[in-house]
Amino acid sequence: MAQGENNDRVLGKKVENKFVYDPSLLRKEARLDNRKNIIGSRPSMPFFGVDIWHCYEVSWLDPCGKPQNFILKICYPASSEYIVESKSLKLYLNSFNQTMFVSSMNVHKAVREDLTKLLGCHVVVSAFPLTHEVNSLLLKDSRYLCLENVISKEITVREFEGENPSLLDGKSSNEPFFVHSTSLRSRCKVTGQPDWGDLFIYMKGKDVPTFDSLYKYIISLRNECHFHEEIVETVYMRLLEKFAPRDLGVFACYTRRGGIDINPMRASDISVLTLLSPRLLSPDQLSLRTIRQ
């Protein structure tokens, strides 16, 4: 087997759906093979972080046979050795569809225990009604400048084929740097399909990227083939190495695929994580224990 290859994965393969609870459907992906190419030979991880998954198509039956429909939120630390493979999670959650549970707490418990066993780390699971606007506060956050609104009108972009950090130029600034870009696009490393998202960056230090150069850099990710988590860690490391900020946070809010969205957050300090998105990191949904692992 080639390094980093996972012949057990179901992503990119045609797989039969099962609708009776079956935790054996879950698969995991090792972070290490790709992460070592991102962070290099550093003795410890240069960031804190968490991966936040929203699963919008979760349904099971109550004891009377009535469907119960919820959004599940799953959180686990960036320090975990593994991530859950996204298609396997979808297949696993589909297996709840025709299974009876006494209460939603039993569902939470099953998902938490199954993912904890799979990933070997502390996992937090919570549920919301289908009417819940999971990202509404984040996307209305007035601190973030929309990058597409502040770049030069005459800007020309030529780099599309691969992530290019040489595009980044800096400027002096003593002000906190909050930027939100709607132009994030990368590609799945397994299927090659496009992944679309919003990118949020917070920096504080002597130097920050110019708006035009940051925009060009983000566009250079359009054909970069990585998982969501790896894209965020790549952007984080490029900004850290180029500008050496005192505080740094990078957060991607990807659009859902297969009823699931993935939102990786990486930051220089736990306090920066809460600054990035208070809503997604509210204390009742995510304990500091998760991030500190």
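The values are calculated or read from the model by the stated rules, or taken from the named source; none is laboratory data. What you are looking at is a predicted structure, and each value in this text was computed from that prediction instead of being measured. Every residue, glycine among them, receives a Cβ derived from its backbone with ideal geometry; neighbour counts consider all protein chains shown. Please note that ligands, DNA and RNA were not included when accessible areas were found on the heavy atoms of the full protein model with its side chains. Shrake-Rupley method; radii C 1.70, N 1.55, O 1.52, S 1.80 Å.
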Hey, can you grab everything whose amide H is under 5 Å from the amide H of ASP247? Only 5+ residues off in sequence or another chain; H modelled, so Pro and N-termini drop out. LYS204
Provide the net charge surrounding VAL125, with neighbours chosen by a C-beta distance below 12 Å and charges set as Lys +1, Arg +1, Asp -1, Glu -1. +1
Of the listed links LYS66/LYS109; LYS28/LYS87; LYS36/LYS206; LYS117/LYS189; LYS189/LYS242, those spanning more than 18 angstrom between alpha carbons are LYS66/LYS109; LYS36/LYS206; LYS117/LYS189; LYS189/LYS242
Sum of side-chain charges, ILE231 neighbourhood, beta-carbon under 15 Å (Lys, Arg +1; Asp, Glu -1): -1
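Taking all protein chains as present, what is the carbon and sulfur share of the accessible area of region 219-276, in % to the nearest whole number, probe 1.4 Å? Numbers along the way, then the final one.
Details: 800 of 1740 Å².
The nonpolar share, carbon plus sulfur, comes to 46 percent.
What number comes out for accessible area per residue over the chain if the probe is 1.4 Å? Units Å², please. Each step should come with its number before you reach the end.
Working: 13690 Å² over 293 residues.
Here the per-residue accessible area is 47 Å².
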Could you bin all the Cα-Cα distances of the chain into 5 Å bins starting at 0 and give me the percent of pairs in each, rounded to whole numbers? 1, 5, 12, 16, 18, 17, 12, 9, 5, 3, 1, 0, 0
What does the charge add up to near ARG35, with Lys and Arg as +1, Asp and Glu as -1, over the other residues with Cβ less than 9 Å from its Cβ? -2
